[in-house]
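> First the structure, which I've put down as structure tokens, then a few questions once you've had a look.
The values are calculated or read from the model by the stated rules, or taken from the named source; none is laboratory data. Please read all numbers here as calculations on a predicted model, not as lab measurements. Note that we place each Cβ from the backbone using ideal geometry, even for glycine, and neighbour counts take in every protein chain shown. The protein model used for the area step is the full one, side chains on, heavy atoms only, and it has no ligands, DNA or RNA in it. Shrake-Rupley method; radii C 1.70, N 1.55, O 1.52, S 1.80 Å.
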Amino acid sequence: MSAGHAEAPSRVGAASSVAWTPGKNIDVRDWVRTGKRLGAMTRCSQWWLGDWVRYGTGRWGEKYKEAARISGYDVKTLRNIAYVAEQIEVSRRRDTLTWSHHAEVCGLEPEDQDRWLDQAASQRMSVADLRIELRGARRGEDEPAGRSKADSKIVECPECKHRFEMPVGEVGS
């Protein structure tokens, strides 16, 4: 199969290495189901790849060059992906968070990983928000540099429930 060649089309559509093409006149339910499947696949693909590389290196020794040739990823990227997969045990991986959330906490002790991942999930933190909170915790601060609680207010988005800090002067009524 050449690059970009689509799989056999289904009622809801067909996917190739460079595109998703909808089936003829799919309804909104099929479009939503397909979006959920695509999102789930992309969120877990780095875990799959990391676990695959770890298996190969564990079973047959140093095989990063071979894994790079097979997967199309470069050696450095594969090493990084495998490192995160090794540092975050399967039982602690959160399917409600991205691989990048996990990458942010992979250098912490397992109990701290759990605490931060739980917090990120419950507060619906973006990766950038988690990174800022981790930096503050490492500095021993609760607030970002140069800002105090009196200068800001925690606001929750009514649609997605994501919580974020906003300077008091910018908080809407």
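> So L78 ticks every box in (1) open to solvent by less than 40 Å² (accessible area, probe 1.4 Å); (2) under 21 Å from A40 (Cβ atoms) but one. Which box is left unticked?
Every listed condition holds for L78 apart from (2).
> Right, something else. Since K65 meets every condition but one in (1) within 16 Å of the chain's Cα centre (by Cα); (2) closer than 29 Å to S17 by Cα; (3) charged (D, E, K, R), which condition does it not meet?
All conditions are met except number (1).
> Looking at (1) within 30 Å of S122 (Cβ to Cβ); (2) surrounded by fewer than 17 Cβ atoms within 10 Å (Cβ to Cβ); (3) at pLDDT 95 or above, which one does S91 not meet, given that it meets all the others?
(3)
> Can you tell me which of (1) assigned to a helix (DSSP H, G or I); (2) modelled with pLDDT under 95 is the one A103 doesn't meet?
(2)
> Collect the residues in region 34-53 that are under 18 Å from T96 (Cα atoms) and either among the aromatic types (F, W, Y) or outside any helix (DSSP H, G or I) (or both), keeping them in residue-number order.
W47, W48 - these are the residues of region 34-53 that are under 18 Å from T96 (Cα atoms) and either among the aromatic types (F, W, Y) or outside any helix (DSSP H, G or I) (or both).
> Of all the residues that make up region 99-139, how many are under 20 Å from A40 (Cα atoms), of a type outside the set (S, T, N, Q) and open to solvent by 50 Å² or more (accessible area, probe 1.4 Å)?
Total meeting the criteria: 2.
> A further question follows. Could you pull out the residue among R11, R29 that is farther than 28 Å from L134 by Cβ, open to solvent by 70 Å² or more (accessible area, probe 1.4 Å) and not in a helix (DSSP H, G or I)?
Values: R29 fails: not in a helix (DSSP H, G or I).
Unique residue meeting the criteria: R11.
> Restricting to region 73-99, and then to whatever is among the aliphatic types (A, V, I, L, M) and outside any helix (DSSP H, G or I), can you tell me which residue is nearest to A128 (Cα to Cα)? Spell out how you get there, then give the answer.
If we filter region 73-99 for residues that are among the aliphatic types (A, V, I, L, M), which is where we start, we get 75, 78, 81-82, 84-85, 88, 90, 97.
Still in the list and also outside any helix (DSSP H, G or I): 88, 97.
Details: I88: 19, L97: 13 Å.
Going through the qualifying residues, I end up with L97.
> For the condition in a loop (DSSP other than H, G, I, E, B), among the basic types (K, R), modelled with pLDDT under 80 and open to solvent by 40 Å² or more (accessible area, probe 1.4 Å), what is the one hit in K153, K161? If you could, list the steps in order and put the result at the bottom.
Numbers: K153 fails: in a loop (DSSP other than H, G, I, E, B).
Going through K153, K161 in turn, just one is in a loop (DSSP other than H, G, I, E, B), among the basic types (K, R), modelled with pLDDT under 80 and open to solvent by 40 Å² or more (accessible area, probe 1.4 Å): K161.
> Is it the case that some residue within region 54-72 is outside any helix (DSSP H, G or I) and either open to solvent by less than 50 Å² (accessible area, probe 1.4 Å) or touching a residue at least 60 places away in the same chain (Cβ under 8 Å) (or both)?
The initial filter retains those residues of region 54-72 that are outside any helix (DSSP H, G or I), namely 61-63, 72.
Going one step further and asking which of them are either open to solvent by less than 50 Å² (accessible area, probe 1.4 Å) or touching a residue at least 60 places away in the same chain (Cβ under 8 Å) (or both), we end up with 61.
There is at least one residue in region 54-72 that is outside any helix (DSSP H, G or I) and either open to solvent by less than 50 Å² (accessible area, probe 1.4 Å) or touching a residue at least 60 places away in the same chain (Cβ under 8 Å) (or both).
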